[in-house]
Amino acid sequence: QRMIFGYTGRTDWRDSRGHAWRPATEFVTRLRSGQDSVRQCWWTNATDGPIGGTADPEVYRYGVHAADFWVNVTVGPGKYHARLKFAATRGQDTGTNCFDICINGRRVVERFDVNATAGGTNRAVDLVFNGLEPRNGIIEVRLTGAERLEDGEIVRGQTFLQALEIGPGKGGHGAKPVSVPAQ
């Protein structure tokens, strides 16, 4: 299953290897009462400019963002991989807005800094996690902004994700995530 968040096209997008990527329309986040999660959390306008480090920059031009969100992917029994695709293309300071990544309730990355991992802004970076087994028929991928002190108050940073792939077996290797030290 391959999905691009924020992509509103009516047809699947095909990458350079011929794989189809569907618009990602199902994720869960909690906002204040009366707020629209699609309007508040989707980057539906493609970002301009080059995106380095990939043969498929279109996959990284959209996205979803929130302080905390998760995606439940329905799968059958077996072992799977997850490939999470990121690019800091919207001017966020990813050192300040770092986040945790949990898969099936287990933290796999703490205080993830997208820019540091990718080697700068507007650069694609993929994280790959192998050997995942579904819980209750799903693989849950959750991103939660790290807490930080700002003007004497504790605030939660913003997370983001451009695309997600869940597939059977091993998914190869991804980048080694760089973490921001805790305050």
- request: Only one of these is charged (D, E, K, R) and modelled with pLDDT of 95 or more: ARG148, ARG123. Name it.
  value: ARG123
- request: Exactly one condition in (1) assigned to a strand (DSSP E or B); (2) open to solvent by less than 40 Å² (accessible area, probe 1.4 Å) is not met by VAL59; state its number.
  value: (1)
message: Given the options PRO168, PRO181, PRO134, PRO177, name the one that is at pLDDT below 95, of a type outside the set (Phe, Trp, Tyr) and either loosely packed, with under 15 Cβ neighbours inside 10 Å or in contact with a Ser or Thr (Cβ under 9 Å, 6 or more places away or on another chain) (or both).
response: PRO181
task: Within the range 46-103, track down each residue that is of a type in the set (Ser, Thr, Tyr), farther than 24 Å from ASP15 by Cβ and out of contact with any Gly (no Cβ under 8 Å at 6 or more places or on another chain).
output: THR94
- line: Restricting the range 93-120 to residues that are open to solvent by less than 40 Å² (accessible area, probe 1.4 Å) and assigned to a loop (DSSP other than H, G, I, E, B), the one modelled with the highest pLDDT turns out to be ASN104
query: Which one is modelled with the lowest pLDDT, of the residues in the range 74-92 that are of a type in the set (Val, Ile, Thr) and either within 27 Å of ARG32 (Cβ to Cβ) or in a loop (DSSP other than H, G, I, E, B) (or both)?
result: THR89
query: Taking the range 121-131 as the search range and keeping residues that are within 16 Å of LYS85 (Cα to Cα) and more than 12 Å from the chain's Cα centre (by Cα), which one is surrounded by the fewest Cβ atoms within 10 Å (Cβ to Cβ)?
result: ASN130
statement: Reported set for the range 137-164 where residues are among the β-branched types (Val, Ile, Thr) and either touching a residue at least 24 places away in the same chain (Cβ under 8 Å) or open to solvent by 70 Å² or more (accessible area, probe 1.4 Å) (or both) is ILE138, ILE139, VAL141, THR144, ILE154, THR159
- prompt: Taking the range 88-126 on its own, how many of its residues are touching a strand residue (DSSP E or B) at 6+ places or on another chain (Cβ under 6 Å) and among the acidic types (Asp, Glu)?
  reply: 3
- prompt: Among the residues of the range 93-119, how many are over 19 Å from GLY157 (Cβ atoms) and in contact (Cβ under 8 Å) with a residue 24 or more places away in the chain?
  reply: 4
- prompt: Among the residues of the range 19-56, which ones are part of a loop (DSSP other than H, G, I, E, B) and within 12 Å of the chain's Cα centre (by Cα)?
  reply: PHE27
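The values are calculated or read from the model by the stated rules, or taken from the named source; none is laboratory data. This is a predicted model, so every value here is computed, not measured. Using ideal geometry, Cβ is built from the backbone for each residue, glycine included, and neighbour counts are taken over all protein chains shown. We work out accessible area using only protein heavy atoms, side chains counted, and drop any ligands, DNA or RNA first. Shrake-Rupley method; radii C 1.70, N 1.55, O 1.52, S 1.80 Å.
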